[in-house]
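The structure appears right after this line, and notes come after that.
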Amino acid sequence: KFPPPGSSWVLADKNTGSYGSGTGQVTIRALGEQTWEGKKVMASTDGSSTFYLDLQGRFLASVRGTTPVITTEPYDAVFDWPLFVGKSWVNRFRMRDHERGRTFDSVTWDGEVKTYEDVTTPAGTFKTFKIMHENPFVRVERWWSPDLGLIVKTKWERYGTYYLGAGTRETELVSYDIKR
C-alpha cells in the first residue's frame, strides 16, 4: 500500500485563505520504513518536512528535522483497510500543533469511502476510491489510487470555525515515478 523507497511524485496545489494564496508544486519522495518514537513507520519527505505513517497508513506526525510540527495520538486514520464503497470508520485522536502551541484533545474525524471512480489529473486518468472526512471545522475529499498507492487528488476546505480560519487547498498529481 506504500510506494517503494526511492519512488517520487509531484503534486500541484492551489490555495486560498488560511492555506495562503496562489499555486505551487511539491515533490514527495518515499523514504521507506524507519523508526519514529520507537515505532516502525513509513516515511516520506517533501524536502523540508518528513511525514510518518504507521504500517496501516494512519498519519502520526510531520516533522522538520527532529522538531515535530503536527502529531496525532494514537493516529489519524486517513485509511481503514480494506477499502470498499460504503465503508465508514470512526476516527478519534488528539492533535498537537507544535508550532502554534495548540492541542485538540478529542478530534472527531470519521471517514467514509463514497465511490470508486475515474479521476483525471495532469498525470493521467486513474481508478480511485473517493474518501471523505468531515467535521464542523473542515471537510476533505481524497482520491486514492490502489494501482499507484497514492492519493492523486485532494480537496481541503477549512470552515470559518477552524482554528486557523477559512481556506481551501486543492492538489493534483502532476507526475510520478513509482519504483517496482
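Compared with the alpha-carbon gap, the fully stretched path from T115 to D97 is longer by 3.3 nm at 0.36 nm per residue. Only one residue of T23, G101, T120 has its Cα farthest out toward the positive end of the dipole of the chain, where Lys and Arg carry +1 and Asp and Glu -1 on Cβ, and that residue is G101. Computed with a 1.4 Å probe over protein heavy atoms only, the accessible area of E134 comes to about 90 Å². Note on D13: accessible area is roughly 30 Å² with a 1.4 Å probe, heavy atoms of protein only. Applying 1/(1 + (r/R0)^6) with R0 = 41 Å to the Cβ-Cβ distance of K155 and E33 gives a FRET efficiency near 0.85. Extension gain for Q25 to T125 (0.36 nm times residue separation, less C-alpha to C-alpha distance): 34.1 nm.
Full extension of the chain between S175 and V90 yields a length gain of 27.3 nm, computed as 0.36 nm times the residue separation minus the alpha carbon distance.
Beyond 18 Å in Cα-Cα separation lie the following of the pairs K39/K130; K114/K153; K14/K153; K1/K127; K14/K155: K39/K130. Would you mind telling me which residue in S88, S21, S145 has the biggest mean-square fluctuation in a Gaussian network model of the chain, where springs connect alpha carbons within a distance under 10 angstrom? Looking only at S88, S21, S145, the largest GNM fluctuation is found for S21. Size descriptors for the chain: radius of gyration and Dmax over Cα atoms are 15.7, 43 Å.
The values are calculated or read from the model by the stated rules, or taken from the named source; none is laboratory data. Nothing here was measured: the structure is a model prediction, and the numbers come from that model. Because the Cβ atoms are built from the backbone with ideal geometry, glycine has one as well, and the counts that use them run over all protein chains shown. Ligands, DNA and RNA are excluded from the accessible area calculation, which covers all protein heavy atoms including side chains. Shrake-Rupley method; radii C 1.70, N 1.55, O 1.52, S 1.80 Å.
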